[in-house]
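Notes to accompany the following structure.
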Amino acid sequence: PFAGTGRTREAARRPVILAKHGWRIALFAVTRAYNPAPNAFYRHVGSRHIAYADTAWLYPAIRRIRADSAADLVVLSIHAGDEYTPLPDQRLVDFVRGAVDAGADIVLGHHPHVLRPVEWYRGKPIAYSLGNFIFQQRPPWTNLSAIFQFTVEPDGTITVGLVPIRVGFQATLADSAAGDSVRTRMQLSPTAPTVSSTQTR
């Protein structure tokens, strides 16, 4: 299964539907960061094979999934945002909130290389940046991250947990001081290391 790329633009925009334990999960994968043509995406040959994060097609596609009852859960993976910054810019905030308004349940952001706090919007978690994982960079603030766990109960309750890690070519668990640093960045209490917040769908 794949999403976000394909032999045609239409295929790239198509969500993958994953079926597991009686759940159907629709995953959309899109990007707003594209190195060869950051300001002229549709003039680049790669635009024929990559799903660009464009509200004109994405929001209606999410609404169709909901209207057709084609999935129990809709997840949006988005590659976007300013690198190395602790908070998202307003354009990205508006974009992903619009995706939640259209029907997305969970948003997974990546590209900034640093962890960003999870925002709860209309009871849905938005992870603006998952940080690094199997990667190595010089800025020290890029070398602490987390493994996220999103749990959705049958009643629609969504819980977000995390495991602090040190990133590198082989990720390792972060020690207590580093783990506390990750939790502070994510606005978590050191006494609650695995669960950050719970909201009802």
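Just a few scattered comments:
- Matching residues, the range 23-64, being modelled with pLDDT of 95 or more, more than 17 Å from Ala11 (Cβ to Cβ) and of a type in the set (D, E, K, R): Arg24, Arg63
- Of all residues in the range 178-193 being assigned to a loop (DSSP other than H, G, I, E, B) and either β-branched (Val, Ile, Thr) or buried (at least 16 other Cβ atoms within 10 Å of the Cβ) (or both), the one that is modelled with the highest pLDDT: Met186
- All positions within the range 107-145 that are assigned to a strand (DSSP E or B) and open to solvent by less than 10 Å² (accessible area, probe 1.4 Å): Val107, Gly109, Leu115, Pro125, Ile126, Ala127, Ser145
- Qualifying residue in the range 56-66 (condition: of a type outside the set (A, V, I, L, M, F, W, C), in contact with a helix residue (DSSP H, G or I) (Cβ under 7 Å, 6 or more places away or on another chain) and open to solvent by less than 30 Å² (accessible area, probe 1.4 Å)): no
- The one condition in (1) more than 16 Å from the chain's Cα centre (by Cα); (2) open to solvent by less than 10 Å² (accessible area, probe 1.4 Å); (3) more than 17 Å from Ala12 (Cβ to Cβ) that Ser69 fails to fulfil: (2)
- Count of the range 76-94 residues which are over 23 Å from Trp141 (Cα atoms) and in contact with a helix residue (DSSP H, G or I) (Cβ under 7 Å, 6 or more places away or on another chain): 1
The values are calculated or read from the model by the stated rules, or taken from the named source; none is laboratory data. Computed from a predicted structure; not experimentally measured. With ideal geometry, Cβ positions are generated from the backbone for all residues, glycine too; neighbour counts draw on all protein chains shown. We work out accessible area using only protein heavy atoms, side chains counted, and drop any ligands, DNA or RNA first. Shrake-Rupley method; radii C 1.70, N 1.55, O 1.52, S 1.80 Å.
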